[in-house]
Amino acid sequence: LALAACCLARPGAAAAAAAAADAGAAGTSGGAAVCLAGRLRALTRTLGLLRENLLPALRPQGGPAADVFLYSPSPTAEELARLGPLLEEPSPVRAVRFDDEGHVLEELGRTHEEVLRQAMRIRGNWLGSTRRELLPRSRDKRAGTGIFMMHAQNECLDMIETRELRRGAEYSHVVFTRTDLRWIFPHPPLDLLRSDFAWVPDTGEDDWGGLYDKHLVVPRSAAHHALGGWRLLRSGRAKKILVDALGEQALRGNDTNTERWLAVRLLAAGLRVARFPLTGYVSCDPGKWVTQVDARLPMHAVGGFVCSQERDGRYPLEHAAVVSFAACLSAVGRVSSNNWSLSAAQRCYCPRPLPARHPG
């Protein structure tokens, strides 16, 4: 999967005109649809910054504000209360779904048993099941939440499609993001992200052999590939796509993770990928014990810590990169009054080496 040049760049007039013509032909009225997925308890630490640093950046100049589609598994009454500020008028939320995910695996096994059994031949946390049996008596229990994230993204796609039918037009972009991302600096403006690329943030560390999968911005035409893992799994195409991309090693190894699964989906769709420096990190819940994830250390050497207001970055290398990017972009902004620009990207991110090229 070849990566595009790392620098942000506004498309030229000809490219912009062509994109506008394509949008009009496709019945696109513009604007971004934001899939916000995850536990609502995270919003205590993240909601204010999401409203300040993420959503405004996703409004194109002269265009409509971003619409939010929220998915969360079985929130408690206390967690629902944390959602209140996002629902205050004028609210960006267009649809909400809460789901008891306790039966997601059971329904998948009941209706698509053979398809799931074939997919299970490919090991790794792309089928993460929170260590529950994927199929009864299979003894296949996988770490992570890969299956549930695919399910969440499918719920978002369904809400977006329903909204588009009602308004009679498609969105121009679809954004996937998580409730636990803490945006300490503004997201790059949508106007700076060329619409012929899938935009994936970069920390220089969190790709894990694929592509960072906790946030991405894609043109509407690419949403079914970027967020369509659940549909590919249920249709039986997921296994073939992975084997075609990764070869027979996919059936022998144990390293097909959610990041690689995202990269393979984009590769199979023929999408070009571009990167920007991540300015939001995955936060943890203060008071909770957190097991560290650190690619520099073997698993037996990784410890943990008690999450606190002062130390709430779940992944230390990601947190360090985000803080560094935010500090650099902020310093450039004080000089140029433009936090996100080609010069800012060149100074704060583009001197960094590009991540390794992905298989394909």
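Averaged over residues, the count of other Cβ atoms within 10 Å places the peptides 202-213, 256-267 in the sequence 256-267, 202-213, highest first. Remark: accessible surface ordering of H173, H319 (largest first) is H319, H173, probe radius 1.4 Å.
Here r is the Cβ-Cβ distance between R167 and F98 and R0 is 25 Å; the resulting FRET efficiency, rounded to 0.05, is 0.60. Once both labels are positioned 7 Å from their Cα atoms along Cα-to-Cβ, the gap between S91 and S138 label points is 3.7 nm. For Y315, the residues 5 or more places off, or on other chains, whose built amide H falls under 5 Å of its own are V282.
Under a Gaussian network description of the chain, with springs only between Cα atoms under 10 Å, the residue in P75, P60, P136 that fluctuates furthest is P136. Length gained on full extension, R131 to D158, computed as 0.36 nm times the residue gap minus the Cα-Cα distance: 7.0 nm.
The values are calculated or read from the model by the stated rules, or taken from the named source; none is laboratory data. Computed from a predicted structure; not experimentally measured. For neighbour counting, all protein chains shown are included, and Cβ atoms are generated from backbone atoms with ideal geometry for every residue, glycine included. For the accessible areas, the whole protein counts, side chains as well, though only heavy atoms, and no ligand, DNA or RNA atoms are used. Shrake-Rupley method; radii C 1.70, N 1.55, O 1.52, S 1.80 Å.
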